[in-house]
Structures are given as C-alpha cells and as structure tokens.
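Undergrad: To start, I am sharing the structure in question, which I have written as structure tokens.
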Amino acid sequence: MAAAQTIFNLPIMGEYPQVLLAESKYDAVQEFYLAVVLDRSVRRPLLLGSQQGGIYVEAALEQIQQVVVDQDFSPFYARKLAVKMGLQGQLIQAVSAIVEKMYDLFIQKDLDLVEINPLGIRASGEVMALDGKITVNDNALVRHADLVEMALTIANRVVDKETKAQLTVSRRVTATDDPPLD
C-alpha cells in the first residue's frame, strides 16, 4: 500500500496518476508491440506489429511490420500482420484476435491510435496486454459523449487532488507559522 501511495504522489510528465492497476508478476518470455494508427498520408488505418516490444521497440523501429487497411476490414488484415511479424502456430490466432479488437475500438471510438506495448507472451502461449495507450481524435469527441464524460471525470479528479494538495500545503504553512509577538 505504501508503494502505491508513493506512485500516486509522483508526477509523470507533469501529471499525477489517478488510477493504479496492480497485477501479479507476469512472466513473459517474449514481448510484442501492436498498434492501430491513422496513416494521414493515405487516410487509412495502419496496423503495426513487431516481435520487439516493451522498452526495446524504439531500438527496433525498422522491424515494425505494417499492413494498410485499404478496404473494408476483415480478419485477413490481422492475420496478415501476424504472419508478417513472423508468428507461427497458435500465436497467429491469438495475436490476430487482439488486433481485430484493437481495430474495432479504433473505428468505434474514432481514435487516432490504439497501442499495446508490450503484449506479453508466456511460455504456455498465453498472451496479455501489459500496457496500452489510446489517443482520441479531438474532432470526434462530439460523437462520443462517453469519452467526453470519462475525460471530464479524470480532469475533475486531477483538480480535486490539486485542490486538496494546495489546502494541505496551506494548512501546513499556517500551522507552522510562528505566533505573532506582542
């Protein structure tokens, strides 16, 4: 519990975490990178994937495979990405299923990015998204009241936490001020 409280008080890029998800240790034998992004040059979704995930993805940018979704989406695109990544056997199906869900979320919510990094793979072949990120298209927010509500809830939590922190600091200053001399 003390470690979690410490994390809540650490700014990350100037912002404080609002939610902390804790999981038991996941023993991954391999980590992948997966993303669905809007390729603005061709105005089409682009599927990205690499067998180098986690902290190593930036060092292996040339190994990221790409599949442009140039027609109506079908599971074929997700499988094509998995095969281009060099996956075999059950991993093709497991990773393809995740890419399909990522694509569905991307389209349903008019997102600019859906990313999983890393996607952990256990020795048993089990897959788990260990970290992820989405980027919302600001122009699409008028069509997604649920995303606006979520953003406002998070923003209110930040304001409440900052206000509480300011009150705590001001109380500490007041409590430690020397009493006036007569």
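The values are calculated or read from the model by the stated rules, or taken from the named source; none is laboratory data. Note that the coordinates shown come from a computational prediction; the quantities given were computed from them, not determined experimentally. Note that we place each Cβ from the backbone using ideal geometry, even for glycine, and neighbour counts take in every protein chain shown.
Undergrad: Inside region 11-25, can you point out the residues that are surrounded by 10 or more Cβ atoms within 10 Å (Cβ to Cβ) and of a type in the set (A, V, I, L, M)?
TA: Leu20, the sole residue that qualifies.
Undergrad: Of the residues that sit in region 120-170 and are basic (Lys, Arg) and within 20 Å of the chain's Cα centre (by Cα), which one is modelled with the highest pLDDT?
TA: Step one: of region 120-170, the residues basic (Lys, Arg) are 122, 133, 143, 157, 161, 164.
Retained after the next criterion (residues that are within 20 Å of the chain's Cα centre (by Cα)): 133, 157.
Working: Lys133: 92, Arg157: 72.
Once the filter is applied, the top-ranked residue is Lys133.
Undergrad: Within region 8-19, can one find any residue that is farther than 24 Å from Val136 by Cβ, among the hydroxyl-bearing types (Ser, Thr, Tyr) and touching a residue at least 60 places away in the same chain (Cβ under 8 Å)?
TA: no
Undergrad: Among Ala78, Ala28, which is closer than 30 Å to Ala2 by Cβ, small (Gly, Ala, Ser), in contact with a strand residue (DSSP E or B) (Cβ under 8 Å, 6 or more places away or on another chain) and surrounded by 18 or more Cβ atoms within 10 Å (Cβ to Cβ)? Reasoning before the result, please.
TA: Details: Ala78 fails: closer than 30 Å to Ala2 by Cβ.
After applying the criteria, what remains is Ala28.
Undergrad: Residues in region 101-149 that are part of a helix (DSSP H, G or I) and surrounded by fewer than 18 Cβ atoms within 10 Å (Cβ to Cβ): how many? Before the answer, list the steps.
TA: Step one: filter region 101-149 for residues part of a helix (DSSP H, G or I), giving 101-108, 138-143, 145-149.
From what's left, surrounded by fewer than 18 Cβ atoms within 10 Å (Cβ to Cβ): 101, 104-105, 107-108, 138-143, 145-149.
Number satisfying all stated conditions: 16.
Undergrad: Then there is this: Looking only at residues that are aliphatic (A, V, I, L, M) and without any contact (Cβ under 8 Å) to a residue 12 or more places away in the chain in region 48-71, which one is surrounded by the most Cβ atoms within 10 Å (Cβ to Cβ)?
TA: Taking region 48-71 and keeping what is aliphatic (A, V, I, L, M), we get 48, 55, 57, 59-61, 64, 67-69.
Applying the additional criterion that residues be without any contact (Cβ under 8 Å) to a residue 12 or more places away in the chain yields 55, 59-61.
Working: Ile55: 10, Ala59: 9, Ala60: 13, Leu61: 10.
Here the answer is Ala60.
Undergrad: Wholly within region 1-100, which strands (runs of 3 or more DSSP E) include no fewer than the required count, namely at least 3 residues that are more than 14 Å from Asn117 (Cβ to Cβ)? Spell out the reasoning first.
TA: Details: elements: 30-39, 44-50, 65-68.
Answer list for region 1-100: 44-50, 65-68.
Undergrad: So in region 81-139, with the set limited to residues that are out of contact with any Pro (no Cβ under 7 Å at 6 or more places or on another chain) and among the acidic types (Asp, Glu), which one is farthest from Tyr33 (Cα to Cα)?
TA: Asp138
Undergrad: Among (1) assigned by TED's automatic domain parsing to the domain that holds Leu119; (2) within 30 Å of Ala155 (Cβ to Cβ); (3) exposed (fewer than 10 other Cβ atoms within 10 Å of the Cβ), there is one condition Pro45 misses while meeting the rest; what is its number?
TA: (3)
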